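Read the structure below first, then the notes.
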Amino acid sequence: MIALPPQIRVFLYRLPTDMRKSFHGLVALTESAMQQDPLSGSLFVFVNRRRDRLKILYWGQTGFCIWYQQLEKGTYQLPEEPRQEQEALEVTRSQLSLILDGIDLSSVRQRRRFQSLREPPRREEATRC
């Protein structure tokens, strides 16, 4: 797995993505469908229709980078979202790691952890994965 700093944000595009898309196509999806700034340093995750391929787009200080993984067997399981009309959702670094490792997200429960009073609680950290 990729080592990620704690402050990094991860956005998951829930709709199937054509894996033939490269930098320009994924940047356009990030801006139009996800309504995020691709230069923000966040990770933008895209999966194909069969959910056996995944691309992560991010800005690497001097240009865009794509991390691409193809599974030989099995599929990626995405987190369930109560509001299915959302095209994109923010997930935690832990959830991304679980997705990449093939862990069943419906059976995982995160225990409560300390949070600073200055920061509002993130919805993903307070609920089930």
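Data table
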{"quantity": "Sites matching GluC sites (Glu not before Pro) across the range 1-91 that sit in DSSP coil, with at most 16 neighbouring C-beta atoms within 10 Å", "calculated": "GLU72, GLU80, GLU85, GLU87"}
{"quantity": "Exposure ranking of LYS73, LYS55 by accessible area [1.4 Å probe, largest first]", "calculated": "LYS73, LYS55"}
{"quantity": "LEU105/ALA33 FRET efficiency (R0 25 Å; Cβ-Cβ; nearest 0.05)", "calculated": "0.65"}
{"quantity": "Per-pair calculated FRET efficiency, R0 = 22 Å: SER97 and LEU71 via Cβ, rounded to 0.05", "calculated": "0.90"}
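The values are calculated or read from the model by the stated rules, or taken from the named source; none is laboratory data. What you are looking at is a predicted structure, and each value in this text was computed from that prediction instead of being measured. Backbone-built Cβ (ideal geometry, glycine too); neighbour counts: all protein chains shown. Surface areas here come from the heavy atoms of the whole protein model, side chains and all, with no ligands, DNA or RNA. Shrake-Rupley method; radii C 1.70, N 1.55, O 1.52, S 1.80 Å.
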